[in-house]
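What follows is one structure encoded as structure tokens, with my remarks underneath.
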Amino acid sequence: MVDSPEHPSLRFDKEGRWYHEGVEITHERTCKLFSRSLKRDSRGSYLIAIGKEWSYVEVEDAPFLVKSLDYNPSAEAKGAYFAILLNDESTETLNLSTLQVGEDNVLYCRVKKGGYRARFCRASYYELARYIEFDPSSGSYFVLLNGERYYLKGSDKTSKFQTEIVNCKLQMIVLHFSNHILRDAPLLEKIRIIRETCPELVEGFVVHISMTNCDLEKKC
């Protein structure tokens, strides 16, 4: 399994899928093994080494994906933190100071002690969006944790990022309404959920609420 950086036989795409010579690898354990074995050589090329065999890898975007994110309140001295699960099944604390918005509003962070970039998948993006707030004085977005603001690099360069965050929070509202407990909640409770989950909607949208659903109409 030996090739060259210019013509790698393995490919890792932006959605976290592995390919060998153009054919997708669907065996889950093999994919996890490849992700755990991924590294960079002295020239910056990606490769995997398993035993005595190794192969170069074409990485379409980031070499790792953030599959899930959990907020962990803590009474200990270090305070609350976000735990992330990567596609190689490893877990670590999210370094909020490395959050960055890339092209097409894709969200990234640094992992593996800062050595690699990781791309947030849709599920983890939605989860983090709950904690992303807007600072009108700077025109940037930030995450507030333990009394400190962590600004997202690149979030002030495109107005489309606001639409992306609103869409993420809207999906969370839809999930709230799909829950039978919240579906049967009083009308005022539904309004509270919307305001807390996505305060941007108060300014940017007209919210139409019924006893079973919510609909949004963009303000002109």
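The values are calculated or read from the model by the stated rules, or taken from the named source; none is laboratory data. Note that this is a predicted model, so its numbers are computed, not measured. Reconstructed Cβ throughout: ideal geometry from the backbone, glycine too, with neighbour counts over all protein chains shown.
Scanning region 1-20 for residues that are surrounded by fewer than 13 Cβ atoms within 10 Å (Cβ to Cβ) and at pLDDT 90 or above yields a single hit, GLU15.
Residues checked against (1) in contact with a Phe, Trp or Tyr (Cβ under 8 Å, 6 or more places away or on another chain); (2) of a type in the set (A, V, I, L, M):
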position	(1), (2)
ARG40	yes, no
TYR46	yes, no
GLY51	no, no
TRP54	no, no
ALA62	yes, yes
SER68	no, no
PRO73	no, no
ASN87	yes, no
THR91	no, no
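Suppose we keep only residues that are surrounded by 14 or more Cβ atoms within 10 Å (Cβ to Cβ) and over 17 Å from the mean Cα position of the chain (by Cα) within region 150-174. Which one would you say is modelled with the highest pLDDT? So the residue we want is ASP156.
When GLU89, GLU53, GLU103, GLU28 are screened for being in contact with a helix residue (DSSP H, G or I) (Cβ under 9 Å, 6 or more places away or on another chain) and exposed (fewer than 13 other Cβ atoms within 10 Å of the Cβ), only GLU89 passes.
Before we move on, is SER45 under 16 Å from GLY115 (Cβ atoms), surrounded by 15 or more Cβ atoms within 10 Å (Cβ to Cβ) and among the polar types (S, T, N, Q)? So SER45 fits the description; yes.
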